[in-house]
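To start, the structure under review is shown below, and the notes come after it.
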Amino acid sequence: YAARFGGEPELLIRAPGRVNLMGRHVDHRGGYANVMAIGKETLIAAAPRADDKVTLANADNAAFSKREFAITAPPGSNLEDDWVNFVDSPGVTRSLQSAPGDWSHYARAALLRLQHEQPEQRLNGMDCIVLGNVPMGAGLSSSSALLVAFAQAAVALNGLEIEVSDFVDLCGEAEWFVGSRGGSMDHAAITTSRAGYITRMGFFPFRVD
């Protein structure tokens with residue numbers, strides 16, 4: 001972090017991958033799932049900025065180039081709209097199509113969903129460096145781990161007070177920004193799992209037994 005940005009990070013966030021043992025697709029239908037975290041993880045070292053700019057660097061900079069964005073709606077979209085209308089807007093569609101599959105979309109999704117939820121507070125940006133070993137495309141929620149880690153960093157650095165149940169719902173909805181329309185089970189598993197335990201969680205309403 002010091003080599004990329006100078007100074008020291010203010011926090012270190014860890015978001016593990018997850019496996020779903022039983023209960024697929026209940027998170028958006030209701031019911032119970034049995035999940036657990038794994039020993040693969042996404043790590044983010046971050047420090048706050050005085051503006052709304054987010055600067056991203058990755059330890060694997062050959063595969064994931066440096067990215068920057070502001071916590072503002074893309075041209076052609078309005079963050080004051082209902083969240084579904086916002087993510088369906090032409091501006092968001094063009095933004096995603098201009099860089100298909102780019103890793104920064106997950107960071108932007110998390111920050112924009114939190115800003116949408118907190119319209120009375122302008123969120124500060126952050127400088128981040130990311131390191132992860134959750135295999136991509138292996139069904140272990142590498143993208144959700146990335147999104148949750150950025151959301152946790154933004155919550156901590158901006159002093160937001162959000163209940164766990166609301167946080168996992170916001171993360172699930174944030175991922176709609178990148179085009180998926182699932183629920184929040186992956187994000188809940190990443191957020192609430194404990195070492196050495198299988199977590200039984202229910203949805204509508206969200207609860208952990």
Expressed to one decimal in nm², the mean projection of the alpha carbon convex hull of the range 7-79 is 8.6
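Pull out the extension gain between Glu80 and Ala3, defined as 0.36 nm times the separation in residues minus the alpha carbon to alpha carbon distance; nm, one decimal. Intermediate values should be presented prior to the final figure.
Values: separation 77, 0.36 × 77 = 27.72 nm, distance 3.77 nm.
Between Glu80 and Ala3, full extension yields 23.9 nm more.
Could you tell me which chymotrypsin sites (Phe, Trp or Tyr not before Pro) in the range 132-209 are loop residues by DSSP with no more than 11 other beta carbons within 10 angstrom of their beta carbon?
Passing sites in the range 132-209 are Tyr197.
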Surrounding charge for Ala189, neighbours by C-beta under 10 angstrom, Lys/Arg +1, Asp/Glu -1, total -1
Sorted largest first, the Cα spans of the range 49-102 on the principal axes come out in Å as 36, 29, 15
Between Leu11 and residues 5 or more places away or on another chain, the pairs with built amide H atoms under 5 Å apart involve Ala46
Here, GluC sites (Glu not before Pro) of the range 117-209 satisfying both criteria (DSSP loop; at most 10 other Cβ within 10 Å) are Glu120, Glu161, Glu163
Summing -39500 (n - 2.57) over every DSSP H run of at least 4 in the chain, dividing by its residue total and rounding to the nearest 500, the 222 nm mean residue ellipticity is -9500 deg cm²/dmol
Of every hundred units of 1.4 Å-probe accessible area on the range 109-209, the number belonging to carbon and sulfur atoms, as a percent, is 51
Cα extents of the range 1-159 per principal axis, largest first, Å, are 44, 39, 31
For the range 6-70 the GluC sites (Glu not before Pro) that pass both the DSSP coil test and the at-most-15 other-Cβ-within-10 Å test are Glu10
Under the Karplus relation with 6.51, -1.76 and 1.60 and θ = phi - 60°, whole-Hz ³J(HN,Hα) for the range 196-209, x at Gly and Pro, equal x, 10, 8, 9, 9, 10, x, 10, 6, x, 6, 7, 10, 8
Spelling it out for Asp127: with amide H atoms placed in the peptide plane at 1.01 Å from N, the residues 5 or more places away or on another chain with amide H under 5 Å from its amide H are Ala47, Arg49, Thr55
Quick tally, 1.4 Å probe accessible area for Lys66, Lys53, sorted with the most first, runs Lys66, Lys53
Counting only protein heavy atoms and rolling a 1.4 Å probe, one gets per residue an accessible area for the chain in Å² of 48
Debye calc, one equal point scatterer per Cα of the range 154-209, no solvent, log10 I(q)/I(0) at q = 0.21, 0.24, 0.27 1/Å comes to -0.85, -1.02, -1.13
Here, the range 111-158 modelled as identical Cα point scatterers in vacuum has Debye log10 I(q)/I(0) at q = 0.14, 0.19, 0.22 Å⁻¹ of -0.42, -0.68, -0.81
Rounded to a whole %, the carbon-and-sulfur portion of the accessible area of the range 1-88 at a 1.4 Å probe is 48
From highest to lowest solvent-accessible area (probe 1.4 Å; ligands, DNA and RNA excluded), Ser98, Ser65, Ser144 read Ser98, Ser65, Ser144
Once normalised by the length of the chain, the mean sequence separation of its alpha carbon contacts under 8 Å that are 6 or more apart gives a contact order in percent of 31
Quarter of the surface of the C-alpha convex hull for the range 95-209, i.e. direction-averaged projected area in nm², equals 8.2
In units of 2.2 N^0.38 Å, the Cα radius of gyration of the range 71-135 is 1.20
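The values are calculated or read from the model by the stated rules, or taken from the named source; none is laboratory data. What you see is a predicted model; the values in this text were computed from it and never measured. Ideal geometry is used to build each Cβ from the backbone, glycine not excepted, and the neighbour counts take in all protein chains shown. Keep in mind that these areas ignore ligands, DNA and RNA; they rest on the heavy atoms of the full protein, side chains included. Shrake-Rupley method; radii C 1.70, N 1.55, O 1.52, S 1.80 Å.
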